[in-house]
């Protein structure tokens, strides 16, 4: 199988973490895609140009991190990250909301300075602060402290975007979230996929 990614994408990182946690590195080839270029050959593989994108062994392509992670998790018939009910889905949705906002913010900052929207930048900065406060209050939840699940992976990949966005300062005054993230970041799958880990 081929997994197309960009190193800075938190969504691609989610899929890469699952590949490592499931021991699928020998079955999944990770390929860096060229995106946001008018003539990229990647668009012939995935017309939307989004990542992650998984081309299965049968040649069928799959887009969207949640779907790809679920597919990879179920390959061996022993899913590790199965949905644990509505509470797990609630936490994953909160984690995805934070990640989505920080991703929009990062894409805006990547535009030429004359094309950036100060309104969007400020909106996403403020959202990230509210969400970090919420997560400081929620991080003690048993589902965030127990075995690795998609809510944890999603939040970890979102918070890890601090490596690409120096304005994303979520650590101040949030000791619980800091300690949780530092523990998660020590996992081999997270250490190997962080933005500045040579990828």
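Candidates are the residues of segment 101-147 that are within 19 Å of the chain's Cα centre (by Cα) and farther than 22 Å from residue 181 by Cβ; the one that is surrounded by the most Cβ atoms within 10 Å (Cβ to Cβ) is 108. Here segment 43-60 is the region considered, the condition is being more than 20 Å from residue 151 (Cα to Cα) and crowded, with 19+ Cβ neighbours inside 10 Å, and the residue that is modelled with the lowest pLDDT is 46. For segment 33-40, the criterion of being in a strand (DSSP E or B) and not assigned by TED's automatic domain parsing to the domain that holds residue 159 is satisfied by no residue at all. Screening segment 1-35 for residues that are without any contact (Cβ under 8 Å) to a residue 24 or more places away in the chain and out of contact with any helix residue (DSSP H, G or I) (no Cβ under 9 Å at 6 or more places or on another chain) and picking the one that is surrounded by the most Cβ atoms within 10 Å (Cβ to Cβ) gives 23.
Being touching a helix residue (DSSP H, G or I) at 6+ places or on another chain (Cβ under 9 Å), in a loop (DSSP other than H, G, I, E, B) and closer than 18 Å to residue 17 by Cα is a property that does not hold for residue 191. If the condition is being surrounded by fewer than 22 Cβ atoms within 10 Å (Cβ to Cβ) and at pLDDT 95 or above, then segment 182-199 contributes 182, 183, 184, 185, 186, 187, 188, 189, 191, 192.
Is segment 61-78 home to any residue that is modelled with pLDDT under 95 and in contact with a helix residue (DSSP H, G or I) (Cβ under 6 Å, 6 or more places away or on another chain)? No - not one qualifying residue is present in segment 61-78.
Considering only segment 67-87, I want to know if a residue exists there that is loosely packed, with under 14 Cβ neighbours inside 10 Å, over 21 Å from residue 194 (Cα atoms) and in contact with a strand residue (DSSP E or B) (Cβ under 9 Å, 6 or more places away or on another chain). Looking through segment 67-87, at least one residue is loosely packed, with under 14 Cβ neighbours inside 10 Å, over 21 Å from residue 194 (Cα atoms) and in contact with a strand residue (DSSP E or B) (Cβ under 9 Å, 6 or more places away or on another chain). Here the condition is being under 23 Å from residue 80 (Cβ atoms), in contact with a helix residue (DSSP H, G or I) (Cβ under 8 Å, 6 or more places away or on another chain) and in a helix (DSSP H, G or I); of 143, 134, it holds for 143 alone. Has segment 158-170 got any residue that is modelled with pLDDT under 95 and within 21 Å of residue 25 (Cα to Cα)? Among the residues of segment 158-170, not one is modelled with pLDDT under 95 and within 21 Å of residue 25 (Cα to Cα), which makes the answer no. Restricting the first member to segment 65-80 and to residues that are over 15 Å from residue 3 (Cβ atoms), and the second to residues that are exposed (fewer than 14 other Cβ atoms within 10 Å of the Cβ), the beta-carbon pairs closer than 9 Å and six or more apart or on different chains are 74/82; 76/23; 80/147.
The values are calculated or read from the model by the stated rules, or taken from the named source; none is laboratory data. Computed from a predicted model, the values in this text were never measured in an experiment. All Cβ positions, glycine included, derive from the backbone under ideal geometry; neighbour counts span all protein chains shown.
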